[in-house]
């Protein structure tokens, strides 16, 4: 594509950026609409069972197993008010509304930070992945913690540290992964002179969970997760299954409860090392993000998103469990990170999400992926690890060939927050 064509496209995108943005939101939402009446998957049925049990007076954690933290219960229970026969439609419609809210937030942030075509990058980065994730997008509740985390970042950027702490604690109570954001965000709040406000907000939102512990053993959800082995989509399993495809090792693709794991002597011996690798990479990423935050005086929303994307990529990529919906966690942070310096590496995340339908759902998923699907799965995992390595090197101001900053003229188009 010639430079003149590129410049023409940029000029049109700049002039009609509002129309283009709403167009992206509209198209990606239309793609999701058939899923409002789509076939149901196992997790959604579990959600309804929890809601039905509550109606019958049965409590999660005490009377039935629930593998999620307690603040998710209102999200699962709310659709039940429309009746059991309408639960699935109400749950998916609720997620559809959350998706719209998240998209509008991303678009509004882009418009506020940029007055050129770059205002479209956050919403573009996010919406590119939606057509490839439609089969699970409305049937999981992961859009809610993603929305909460984006809200927390917006609160902190505006100096509302109390609300940020409150939101992050709620996010932890919905899905545990926002816990890895607490330390970097706390340091940013301290640098703003509002560390105590963040801590108070965090404590007030955690307090109901602590009180609930006197009545319900909600901590059992952690025991459930700790008992999981090497889920088949994890980085470790994708490498082992590739070796299995060439007959170099012997592992088995086994159904375990509601997911699939690799079993065998090699998988069992690798599991503790994989857990150790996961802990080390996540802890080091948190430390690095915290060290970066300690040097900041003022921050932009794009910088904050990039700060959290580093530990989250480690949490997802090196985890012994890598379910398809984990990509929903990464997408909003990657989208917001496109507002900083060179935006193009962030599009690795929607690219990785686009690979998911090749291996899940697939006809071979219940018995073991074929060679092509295995290679695509491994590509997805290695691509995300490569982005994590890029962010680590970038945090130390180490530039790889081809990842230089965008030109100075474009750089000035982005709001820096400094």
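The values are calculated or read from the model by the stated rules, or taken from the named source; none is laboratory data. These numbers were taken from a predicted model, which means no experiment stands behind them. Backbone-built Cβ (ideal geometry, glycine too); neighbour counts: all protein chains shown.
Could you pull out the residue among 36, 32 that is modelled with pLDDT of 90 or more, at negative phi and surrounded by 13 or more Cβ atoms within 10 Å (Cβ to Cβ)?
It is 32.
With the structure loaded, tell me whether residue 18 is exposed (fewer than 12 other Cβ atoms within 10 Å of the Cβ) and either out of contact with any helix residue (DSSP H, G or I) (no Cβ under 9 Å at 6 or more places or on another chain) or more than 22 Å from residue 324 (Cα to Cα) (or both) or whether it fails that test.
Spelling it out, it is not the case that residue 18 is exposed (fewer than 12 other Cβ atoms within 10 Å of the Cβ) and either out of contact with any helix residue (DSSP H, G or I) (no Cβ under 9 Å at 6 or more places or on another chain) or more than 22 Å from residue 324 (Cα to Cα) (or both).
I'd like the full set of residues that are crowded, with 16+ Cβ neighbours inside 10 Å, under 24 Å from the mean Cα position of the chain (by Cα) and closer than 17 Å to residue 366 by Cα, limited to region 211-261.
Listed by number, the residues that qualify are 229, 230, 231, 232, 233, 234, 237, 238, 260, 261.
When you scan region 356-379, how many residues do you find that are free of Cβ contacts under 8 Å to residues at least 40 places away in the same chain and in a helix (DSSP H, G or I)?
5
With more than 19 Å from the chain's Cα centre (by Cα) and surrounded by fewer than 22 Cβ atoms within 10 Å (Cβ to Cβ) as the only criterion, which of 108, 94, 101 stands out?
108 is the lone residue from the list that is more than 19 Å from the chain's Cα centre (by Cα) and surrounded by fewer than 22 Cβ atoms within 10 Å (Cβ to Cβ).
Residues checked against (1) within 28 Å of residue 13 (Cα to Cα); (2) more than 12 Å from the chain's Cα centre (by Cα); (3) modelled with pLDDT of 95 or more:
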residue	(1), (2), (3)
123	yes, yes, yes
134	yes, yes, no
142	no, no, yes
146	yes, no, yes
150	yes, no, yes
153	yes, yes, yes
157	yes, yes, no
163	no, yes, yes
168	no, yes, yes
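Within region 299-314, does at least one residue satisfy the condition of being farther than 26 Å from residue 339 by Cβ and either over 18 Å from the mean Cα position of the chain (by Cα) or surrounded by 21 or more Cβ atoms within 10 Å (Cβ to Cβ) (or both)?
No, because not a single residue in region 299-314 is farther than 26 Å from residue 339 by Cβ and either over 18 Å from the mean Cα position of the chain (by Cα) or surrounded by 21 or more Cβ atoms within 10 Å (Cβ to Cβ) (or both).
Output the residue which, of all residues in region 329-339 that are surrounded by 24 or more Cβ atoms within 10 Å (Cβ to Cβ) and in contact (Cβ under 8 Å) with a residue 60 or more places away in the chain, is nearest to residue 234 (Cα to Cα).
Once the filter is applied, the top-ranked residue is 331.
Here's a check for you: in region 148-179, which residue that is within 19 Å of residue 25 (Cβ to Cβ) and touching a residue at least 60 places away in the same chain (Cβ under 8 Å) is surrounded by the most Cβ atoms within 10 Å (Cβ to Cβ)?
Of everything passing the filter in region 148-179, 150 is surrounded by the most Cβ atoms within 10 Å (Cβ to Cβ).
Looking only at region 279-298, how many residues end up being in a loop (DSSP other than H, G, I, E, B) and surrounded by 24 or more Cβ atoms within 10 Å (Cβ to Cβ)?
So the count comes out to 0.
For region 28-140, which helices (runs of 4 or more DSSP H) that fit wholly inside it have 1 or more residues that are out of contact with any strand residue (DSSP E or B) (no Cβ under 9 Å at 6 or more places or on another chain) and more than 30 Å from residue 208 (Cα to Cα)?
87-113, 121-127, 130-137
Limited to region 340-349, what total is found for residues that are assigned to a helix (DSSP H, G or I), surrounded by fewer than 24 Cβ atoms within 10 Å (Cβ to Cβ) and in contact (Cβ under 8 Å) with a residue 12 or more places away in the chain?
Counting residues in region 340-349 that are assigned to a helix (DSSP H, G or I), surrounded by fewer than 24 Cβ atoms within 10 Å (Cβ to Cβ) and in contact (Cβ under 8 Å) with a residue 12 or more places away in the chain gives 3.
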